[in-house]
Structures are given as C-alpha cells and as structure tokens.
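Step one of this worksheet: look at the structure below.
Please treat every number below as a calculation from the coordinates, not as lab data. Predicted model, so just to flag it, every value in this text is computed and none were measured. Please note: Cβ atoms are built from the backbone with ideal geometry, for glycine as well, and neighbour counts cover all protein chains shown.
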Amino acid sequence: MSALLGLALCRAGTWLNFLKNPIFMSTTIVPGTPGPVSQISQIPEAVIRIAGNSQDGIQAIGGFLARLAGRSEQEVMTFMTIPSTISGGPSIFQVRIGSGEVLSAGDEADMLLAFYQHSYDNHLGSLRKGGVVLYDSDHVKELQPENLSKYRHVGVAISGLTVEAIGGSGRDKGKNVFALGLLARMFDLSVPKLHKLLEERFTGKDPSIVQNALNCFNAGYNYTLATAHELFRLKPGENVGHNQVVMSGNEAIALGLLAAGVRFGAGYPITPWSDIMEMLRRELPKYGGIFVQGEDEIASVSMAIGASYAGRVAVTGSSGPGIALKTEALGWASMAEMPLVIIDVQRGGPSTGMPTSVEQSDLNIACFGGHGDSPRVVLAPSTVEDCFYTAIEAVNLARKYSTPVILLTDQGIATRIEAFPEPDLKKVCQDISPDLSPIADHKPYDLSAPDGITRHIAPGTRVASGKYPVVTGLEHDELGHPTGSPKLHIAMTSKRRSKLQKLGRELPVPKVYGPSEGQILLVGWGSAQGPIQEAVKTARAAGEAVSGLHIKYINPLPEGLEQIFEGFRHVFVVELNDEGLYGYGQLAAVLRARYCNPKIRGINKVDGLTWKIREILDRARALAQ
Amino acid sequence: MNSLAFPFVPLDRTGGIPLIPVPPLPDSERKPLTKKEVSADHPTWCPGCGDFSVLALYFKMIEKRKLWHEKITTVAGIGCSSRFPYFVQAHGAHYIHGRALPFASGISLSRPDLHVFVFGGDGDAFSIGGNHFNHTARKNIKLTYVVMDNQVYGLTKNQTSPTSPLGRKSKTDAWGSADRPINPMKQAISAGATFVGRTSATSPNHVLEMMEAAMDHDGFSFIECLSECVEFFPGAFDAAIPRKGGKFELIPPSHDVTDEYAAYRLADNPWPGQFGIFYKVNRPTKNASEAKIIADHRAKVTGLADWQILQKNFDRMK
C-alpha cells in the first residue's frame with residue numbers, strides 16, 4: 001500500500017520538479033507507462049552514486065562506468081567507501097563523469113542508485129535537489145514522503161527482473177549488471193562499448209557467465225526503453241586524441257614501480273596497501289622480479305633493504321600501523337644511506353583506527369618518524385596519474401640521493417579510479433640494473449663527495465685495492481667502519497643532511513593555481529589537490545580572491561614558498577588530519593616551523609571522507625573573517 | 001601532470017666522485033685469499049672470547065674454498081658476535097637487531113651469484129629475531145646462518161638470554177633465570193630448516209667441517225656454535241670441552257640425518273648433548289621456487305622488452 005502511495009506521490013513530485021532542474025530538464029514519463037522516447041538532454045557532467053552492500057558488485061558497476069568514460073575520452077573520478085567488515089556491509093561507489101575537467105568526485109549526486117532500504121535512507125541526502133533516485137522496489141519499500149517532492153523517484157524491481165533475465169535461478173546475482181543496463185539507457189551510454197567491457201571482464205570464465213551478464217545488461221537496458229523514462233546524453237569528451245587509461249591510484253603506483261625498474265619488493269598485508277603488493281606479486285615475475293610476502297612488517301622492510309643493498313632499489317609499503325613498525329629499519333636506511341622506496345597508503349589512525357577511511361595523518365611519521373636525526377625524502381602524489389609518475393620519481397630520488405623515500409598516498413587516491421592520458425611507456429620505462437664491473441677503489445661514505453651525495457657499491461663488485469665497504473647502522477668512517485669520534489658523527493650527520501638540502505634546492509617551485517596575489521591561499525597536499533582547485537574555481541566564479549597551492553614534495557620542501565605566501569592575506573592549509581594541540585594540522589605545523597609566518601593556519605577535518613568543495617569554502621570564509 | 005619532474009638520467013656509481021675502472025680478473029689468474037687479505041678491523045671482542053675462533057675458521061674456509069672477496073656477503077644483526085662483518089674484508093652489512101635474516105633473504109633472493117653468510121648471537125636469533133628465524137627456515141632461503149650461542153647477553157653486559165639455562169643468575173634475574181631456555185636444534189628442526197648442525201668454538205676442525213657442509217647445502221643452513229663469553233658466562237660450556245674435563249661427543253654415524261624424529265630425539269639428549277649434523281634434507285628452496293615462477297612467466301613474454309610487457313597492462317586498462 002505504501003509503495004503504491006509512494007508511486008503516486010513520486011509521480012506528482014517528478015512533475016513538480018523537473019522544470020526547476022537545469023541539468024535534467026527534459027520530458028518525464030511516469031515509470032511503468034509505455035510512451036514515446038523522450039527528448040535527449042545534453043548534460044556536461046553527471047555524478048552517480050551507487051549504494052548497496054559490498055558483495056553486490058557495485059564497485060564493478062562503478063568500474064564499468066569509469067572505464068567507459070575513459071574510452072569515451074571523458075574525464076572521470078570515483079569515490080568509494082568500503083566497510084572494514086569481513087563480508088558485506090553497506091558500501092557506496094560514486095562516479096563523476098564530465099566532458100570538462102573533473103577535479104573531485106562531486107559534493108552532491110545527480111542520481112542515486114539505491115539497492116536497499118538502508119541505501120535509500122542513508123544516501124538520499126547526498127542527492128542534489130531535483131536529482132533522481134533510482135531504487136530497487138523489491139527492497140526499498142518505505143519511501144520518505146517529505147522527500148518525494150524534493151527528489152524524483154523511479155522504482156524498478158531490479159532484483160526480481162534480474163532473476164527473470166537470467167532464467168529464474170532464484171538468485172539475484174547480476175543485479176548490478178542489470179542496473180548498469182538501466183543507467184546505460186538513462187544516460188544514453190554506448191551499448192557496444194559496454195558490451196565489450198562486459199565481455200572483457202568475464203572472458204576466461206565459463207561462457208555462460210558472459211552470456212548471463214549480457215542478458216542482465218540487455219534486460220536492464222530494454223526495461224527502461226520500454227518504460228521510456230528520462231534520457232540524458234553526456235556532452236562529448238574534450239580529451240579527443242588522447243588514448244586514455246583508467247585505473248585506481250594503487251594500480252598506478254604498482255605500474256609506476258614496474259616502469260621505474262623496481263624488480264624486488266616485500267610487504268605484509270594491510271588495507272589499503274595490499275592491492276599494490278598483490279599486483280606486484282602477480283606482475284614482477286614477468287620482468288624477472290620477485291615480490292615476497294614477509295612474515296611481518298619489519299621483515300618486509302628488511303628484505304627490501306637487503307635487496308636494495310644487493311644492487312637495485314627495492315620497495316616495501318604499508319599503511320600507518322605498519323609504517324610505525326618499519327621505522328627502526330628506516331633509520332638504518334638513513335644511516336647506511338641505502339636507497340629504498342616505502343609506500344604509505346594512509347588511512348584513519350592512530351592504531352587500527354579507521355582502516356577503510358581516508359585521512360592524511362601520517363605526514364609526521366613520514367617526515368620525522370624514527371629515532372635520531374634521520375633525514376628522508378617524502379613525496380605525496382595528488383591524482384591517479386600522478387601516482388604513476390611519482391612512483392618513478394621516488395625510485396629515481398632514492399637512487400640519486402641514496403636515501404629512503406616515502407611515497408605518501410591515501411585511501412582516497414588508492415581506491416579512486418580516474419582516466420588519464422596513456423603514458424609513453426617506451427620513453428618512461430627505465431633499466432636500473434646494477435653495474436658490477438670492477439673498480440680500483442671506493443669509499444661508500446666519502447666525505448669529499450659534492451653535497452654529501454655518495455652511492456653504495458653492490459656486492460659482486462670487485463675492488464682492486466682490496467678494501468671492501470661495510471654498510472652499517474653504527475656511526476662510521478668513510479669506509480663504513482664503526483667510530484665513536486665526535487668529529488665523524490658531526491661530519492656524517494651533516495653529510496646525510498646536506499644531500500637532502502641539495503635536493504630541496506633542486507625541487508621545482510610549485511605553481512600557484514589562480515592569480516599569485518589575493519585574499520586567501522588554500523594550500524594542500526596529496527589528494528586535496530582536486531577539491532582545492534575546484535574550490536578555487538568556485539570561489540573565483542563568485543568573485544572571491546582565492547588561489548590554491550599544491551605541495552607535492554613534503555620533505556624536503558621546495559624553495560620559493562615564502563615568496564608565494566607573501567602574495568596573500570591568509571594562508572590556509574587544507575588537510576585531512578586533526579588541528580592538533582596548537583591549532584595546526586601536520587603540514588601547517590611544518591610550514592609554520594619553517595617560515596614562522598602567523599598567516600599560516602589550518603583547515604582540518606577527520607570525518608574519514610574526502611573534502612567537499614562547500615566544506616573548504618565555508619571554513620575558509622569563516623576563518624578569513 | 002603527465003611528466004616527470006626528475007626524468008631518468010643514468011647515474012654514475014658514486015655520486016660525483018670519479019671511479020677508476022679496472023680490467024676483469026679471470027678466476028684462473030687468482031690465488032686463494034690469504035687470512036691477511038680477508039681480515040679487516042681488529043676484532044673488538046674480549047680476549048679469550050669464543051668468537052675469535054669462529055672468525056678464524058671463516059677465514060680458513062674462504063681460503064680453502066677459494067671464495068673471492070666480491071662474492072662473499074657477510075651480514076649480521078646486533079650483539080657481540082654481530083660485529084663480525086667489520087672484521088671481514090669483503091662486502092658486508094651490519095644491520096639492526098634481530099633482523100639480519102630478512103635482510104640477508106633480500107640479498108639471497110635477488111642475487112643468486114653471491115654466498116650469503118649471516119652471523120649472530122642467541123639474542124638476535126631466538127629472542128628479538130625469533131619470528132624471522134622460523135620463517136626463513138620455513139621458506140628455506142638459501143643462506144648460511146651461524147649462531148654463536150653464549151647463553152647470555154654480552155654486549156649489554158650480562159642479562160638473561162633466551163638460551164640461558166634455568167637458574168642462571170644475571171643482572172635481570174638476580175635469583176636465577178626462571179624461563180625455560182630455547183633448544184636451538186629443536187627450534188630449527190620444527191621450523192623447517194633443511195640443514196641443522198651443532199658445533200663448538202673450542203673444536204676448530206669441527207667448526208670448519210660444519211661451515212663447509214652448511215655452505216654446500218642448497219637451502220637454509222643453520223649452525224649453532226657454542227661460543228663462550230669469558231666475561232659474563234665463563235665456564236658455560238666446560239662440559240663440552242675435553243681439556244676442561246668435558247666431552248665433545250660427536251653424533252654417531254648411525255644417525256639418519258633425514259629422520260626428523262630421530263634428530264628431534266637427539267636434540268633432547270642431556271647437556272652438553274652431541275655435535276654434528278642433526279638434520280639435513282633436500283627441499284626446494286624459495287630461491288628455486290621463485291626462479292621457476294619467473295621462468296614460467298618469462299616464457300609467456302619471450303622476446304618482449306620490459307616496456308612492451310607493461311604495455312599489455314595498460315592495454316587492458318583502456
């Protein structure tokens with residue numbers, strides 16, 4: 001009864017609202033009533049949120065949509081929440097597809113696809129006013145009467161129709177693909193391309209699985225056709241001519257490491273780093289490489305350091321708790337001046353914290369974690385594409401400066417899917433095999449080296465002088481032999497520091513996004529880049545003098561930031577971490593310590609979600625008052 | 001964004017200091033290394049320490065087996081005995097406490113051309129590094145691990161170690177150790193080590209014999225070498241030293257080294273037990289199983305450059 005009433009109200013609501021909606025302006029036909037094919041509206045972008053349970057394959061639909069966008073030369077960004085429970089639990093996937101630049105996953109959704117009552121109840125609020133909620137009427141029985149006029153409701157018996165489409169096995173597995181068919185019809189997506197994606201995805205499995213998937217998809221596609229609801233067409237993409245690839249940040253990092261020539265890795269499973277190690281484990285043997293699953297985090301970092309010592313930069317990685325365990329070994333790599341790449345895919349902390357939520361609270365441990373004075377390089381990629389290239393840079397910096405490099409990414413980029421122009425792999429891939437040819441003599445810690453930069457000679461190298469290097473965690477002389485000499489400790493500490501100071505001088509000065517003078521400068525790092533740039537665009541469109549600055553090289557910092565800050569009245573550091581005891585987030589504290597500039601203040605949050613544009617701007621405006 | 005701020009540049013090998021290359025030296029023109037050529041720093045051990053003997057026999061083995069400087073990699077963790085790499089004139093690494101085995105595993109798995117020797121003490125092996133000991137054994141990673149067991153923490157000056165006998169007094173157990181000591185032989189056998197031997201620093205010929213057998217073993221080879229700490233636990237091993245009235249009893253030739261249970265029983269014999277090879281079996285090393293995985297994968301990409309292999313991944317992501 002309530003469903004019937006809901007349907008009636010929903011019809012009224014749709015009719016009332018469609019004219020108010022600039023994006024979805026088109027003819028609406030009541031669901032279930034056959035009618036003529038409606039007018040097709042051109043829209044510049046769409047934010048689609050898919051809400052269900054984690055085992056329903058909603059990530060798969062999101063993935064299909066993202067990949068389709070990539071093949072359609074459109075920009076795409078996704079956002080995903082995964083429950084940290086073992087199996088099941090509510091999960092969402094949000095896809096934003098646009099013909100222009102897509103900088104964030106979108107504050108509000110244009111369409112919500114709700115598989116369950118809880119999906120409907122919990123996510124209706126994420127829809128923008130006038131947005132469409134497409135729900136599975138087999139599961140969503142209680143519509144919110146107060147919202148019927150606010151959002152357009154379209155109920156489809158997704159579960160039942162899926163069972164019907166695959167021949168009545170009684171199971172609704174495949175309803176994600178049915179829903180994909182519905183979406184394809186509503187957004188006038190390319191059916192041949194989606195068919196191809198489905199075939200690719202299920203190839204290698206039982207042929208009946210591919211057929212079932214296609215049946216489900218076609219049933220969904222034809223269902224909407226029969227009831228001729230709302231049709232939209234995304235404007236053609238602007239990335240014409242680019243061959244786009246679509247992947248997650250974690251995949252981009254793994255592929256970047258392979259391109260960089262890394263052939264040994266070791267790790268221990270921890271969310272959200274595990275994807276990277278799984279991929280490297282699968283891929284490395286093709287290149288003659290090995291990835292070892294260590295017995296623990298310490299063993300993993302130690303194996304990687306051992307392999308680096310053996311001649312070729314190796315990789316290990318983890319998330320916060322594992323990084324904490326690796327810090328003693330990291331100190332050794334600093335002291336022994338051993339190249340090493342450590343990936344830290346940050347998650348909510350401290351301790352086990354929020355394993356599947358995004359947070360940027362490992363900056364401190366990445367830059368300063370450990371005992372003694374142990375300088376290291378810290379880099380933070382900002383987009384999925386940047387993950388690929390930054391992984392290569394991390395390897396090259398580790399080699400060039402013979403130092404550990406931490407690549408600081410976060411759960412947000414790790415699981416987010418984006419499309420980007422395909423790299424020129426022939427140009428990018430590099431060979432970093434060790435040179436073992438014999439040499440006359442060598443000091444691993446030569447104090448006369450320019451800027452303190454020395455490199456270690458791998459075992460297997462014959463040294464004609466007969467003086468062989470020892471690499472060590474003890475303070476040492478130039479050959480690596482232990483010393484308690486204050487003079488040598490001072491000289492070696494300075495050597496280890498100088499080389500990173502030299503790197504700091506060589507780093508590219510970041511460019512201001514927007515004019516270099518104004519009221520507010522929004523400074524960010526890592527995954528905050530997109531939302532900050534979108535916030536800058538939004539604010540400037542409203543006439544506000546807001547610019548953005550993205551800091552990719554966190555430790556050492558590049559030069560020239562001081563001059564950039566001079567152009568603004570306020571410098572707000574936008575970070576997904578706590579404001580701390582003194583009111584600044586982790587990067588803000590570093591910047592204040594370095595520049596002693598009281599203009600620098602923090603905009604922080606720890607809700608485990610990525611930034612919304614509105615949040616950044618509201619907070620910045622309030623703080624600037 | 002689609003570029004590198006730091007594009008690939010081939011790096012010189014030292015960081016700006018010119019290196020003088022030398023011509024290769026064929027093995028046929030090389031003479032076995034002398035003790036003088038393989039010894040480096042003067043050992044910092046206390047006079048009379050058992051570790052001197054182990055070091056001298058390592059040199060002897062290098063000479064006898066014609067190992068070259070550049071092919072030897074000596075790795076250690078932290079402890080008195082772990083100072084070892086500084087005393088050896090060859091490539092070496094002095095790593096952190098307890099983690100020498102995973103470090104050495106990284107070398108062994110990526111460089112099949114090297115001999116990897118790990119030296120350490122009982123604290124390094126069985127206390128802080130206990131987990132690594134078990135897993136390196138289980139994975140059967142090809143390397144030789146010599147634990148110089150003195151049953152006490154010497155470098156930190158007399159605390160209880162995981163092999164300290166019950167009732168032994170130390171600075172951390174003034175009234176005597178209350179914790180059951182680890183039996184290194186049993187530990188190694190049950191963890192899956194494929195070569196398990198026991199010797200004593202006071203029997204040099206036997207130490208050399210064990211080290212050579214361990215080096216020749218294809219897999220994780222472990223030797224427990226009783227090595228007396230004259231400073232903090234003098235007389236600990238007198239029962240195994242003939243000139244002090246003890247008995248250095250060899251494992252009878254009738255012992256079947258492939259019989260795990262027999263080895264385990266042998267390890268249960270009362271102090272000071274017996275010496276020799278307790279257990280030795282051939283089981284595929286991780287080095288070999290990884291090499292096979294690599295060969296299988298490489299067979300599918302024959303003739304392709306690395307970038308072409310990677311290109312296949314990108315093609316799937318379009």
Original post:
Counting Lys and Arg as +1 and Asp and Glu as -1, what is the net charge of the other residues whose Cβ lies under 12 Å from the Cβ of B:Lys244?
Top reply: 0
Subject >> 14 Å beta-carbon shell around A:Thr610, net charge (K/R +1, D/E -1) >> reply: -2
Subject >> Lys, Arg +1 and Asp, Glu -1 on Cβ, resulting dipole of the stretch A:450-506 about Cα centre, debye, nearest 20 >> reply: 140 debye
Subject >> Listed residue pairs exceeding 27 Å between alpha carbons, taken from A:Lys537/B:Lys312; B:Lys60/B:Lys142; B:Lys60/B:Lys247; A:Lys467/B:Lys66; B:Lys66/B:Lys139 >> reply: A:Lys537/B:Lys312; B:Lys66/B:Lys139
Original post:
Highest GNM mean-square fluctuation, chain B, Cα pairs closer than 10 Å: which of B:Thr44, B:Thr194, B:Thr14?
Top reply: B:Thr14
Original post:
Each label point is 7 Å from the Cα along the Cα-to-Cβ direction; what then is the distance between the points at A:Arg233 and A:Lys129, in nm?
Top reply: 3.1 nm
Subject >> Within 10 Å of each Cβ in A:551-563, the average number of Cβ atoms from other chains >> reply: 0
Subject >> Under-5 Å amide H pairs with A:Gly473, H placed in peptide plane, nonlocal only >> reply: B:His94
Subject >> Those GluC sites (Glu not before Pro) in the stretch A:58-119 that DSSP places in a loop and that have at most 10 other beta carbons within 10 Å >> reply: none
**OP:** State to the nearest 20 debye the size of the charge dipole of the stretch A:246-428 about its Cα centre, where the only charges are +1 on K and R beta carbons and -1 on D and E beta carbons.
**Re:** 540 debye
**OP:** Tabulate in residue order the Karplus-calculated ³J(HN,Hα) for the stretch B:148-164, using 6.51 cos²θ - 1.76 cosθ + 1.60 with θ = phi - 60°, rounded to whole Hz; enter x for Gly and Pro.
**Re:** 8, 8, 10, 6, 7, 7, x, 4, 8, 6, 6, 10, 5, 10, x, 10, 4
Subject >> 19 Å Cα-Cα reach of A:Lys175 towards lysines, excluding residues that sit fewer than 8 places from it in its own chain >> reply: A:Lys141, A:Lys196, A:Lys205
Subject >> Angle in degrees between helix B:130-139 and the longest Cα principal axis of chain B, rounded to the nearest 10 >> reply: 60 degrees
Subject >> Antiparallel DSSP beta bridges within the stretch B:112-256, as percent of all bridges there, nearest 5 >> reply: 5 percent
Original post:
Taking amide H positions as placed 1.01 Å from N in the peptide plane, with prolines and chain starts having none, which residues 5 or more places from A:Ala157, or on another chain, fall under 5 Å of its amide H?
Top reply: A:Ser137
Original post:
For chain B, modelled as a Gaussian network with Cα springs under 10 Å, which listed residue fluctuates most, B:Asn269, B:Asn287, B:Asn158?
Top reply: B:Asn269
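Specify whether the C-alpha gyration tensor of the stretch A:450-506 places it in the rounded, prolate or oblate class, a ≥ b ≥ c being the square roots of the eigenvalues: rounded for a/c under 1.5, otherwise prolate if a/b is larger than b/c and oblate if not.
On the way: a/c = 2.72, a/b = 1.33, b/c = 2.05.
Oblate is the answer for the stretch A:450-506, as a/c is 1.5 or above yet b/c matches or exceeds a/b.
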**OP:** Using label points projected 7 Å from each Cα along Cα→Cβ, tell me how many nm separate A:Ala542 and A:Gln117, to one decimal.
**Re:** 3.9 nm
Original post:
So for the pair A:Thr493, B:Asp41, with labels modelled 7 Å out along Cα→Cβ, what separation do we get in nm?
Top reply: 2.0 nm
Original post:
Which helices, counted as full DSSP H runs in chain A, have an axial Cα extent of no less than 27 Å and a Kyte-Doolittle average of -1.0 or above?
Top reply: A:207-227
**OP:** Report Rg/Rh for the stretch B:34-283, rounded to two decimals, where Rg is the Cα radius of gyration and Rh the Kirkwood radius.
**Re:** 0.93
Subject >> Theoretical FRET efficiency, 1/(1+(r/R0)^6), r = Cβ-Cβ of A:Glu559 and A:Asp424, R0 30 Å, to 0.05 >> reply: 0.50
Original post:
What aspartates and glutamates could a cross-link reach from A:Lys173, if we take a straight Cα to Cα line under 13 Å and drop same-chain neighbours fewer than 8 places away?
Top reply: A:Asp56, A:Glu164
Subject >> Long-range amide H partners of A:Ser91 with built H, under 5 Å >> reply: A:Gly52, A:Asn53, A:Ser54
**OP:** Return one number: the angle in degrees, 0 to 90 and rounded to the nearest 10, between the long axis of the Cα atoms of helix B:51-64 and the longest principal axis of the Cα atoms of chain B.
**Re:** 50 degrees
Subject >> Computed E for A:Glu566/B:Tyr261 - FRET, C-beta separation, R0 60 angstrom, nearest 0.05 >> reply: 0.15
Subject >> Listed residue (B:His255, B:Cys46, B:Pro234) projecting farthest to the positive dipole end of the stretch B:34-283, Cβ model >> reply: B:Cys46
Subject >> Neighbour cut-off at most 12 other Cβ (10 Å), DSSP loop, trypsin sites (Lys or Arg not before Pro), the stretch B:213-302 >> reply: B:Lys247, B:Lys300
Subject >> Packing-based ranking, highest mean first, of B:139-145, A:485-491 given that Cβ atoms within 10 Å are counted >> reply: B:139-145, A:485-491
Original post:
Can you work out ³J(HN,Hα) from phi for every residue in the stretch A:355-368, in order, using Karplus 6.51 cos²θ - 1.76 cosθ + 1.60 and θ = phi - 60°, giving whole Hz and x for Gly and Pro?
Top reply: x, 10, 10, 8, 7, 10, 9, 9, 4, 4, 5, 5, 7, 10
Original post:
Rounded to the nearest 20 Debye, what is the dipole magnitude of the stretch B:34-283 about its Cα centre when Lys and Arg each give +1 and Asp and Glu each give -1 at the C-beta?
Top reply: 180 debye
Subject >> the stretch A:140-152 - phi-based ³J(HN,Hα) in whole Hz, Karplus 6.51/-1.76/1.60, Gly and Pro as x >> reply: 8, 10, 10, 8, 8, x, 5, 9, 5, 8, 7, 10, 8
Subject >> 12 Å beta-carbon shell around A:Ala304, net charge (K/R +1, D/E -1) >> reply: +3
Subject >> Hits among lysines - C-alpha to C-alpha of B:Lys157 under 22 Å, sequence gap 8 or more where chains match >> reply: B:Lys169, B:Lys171
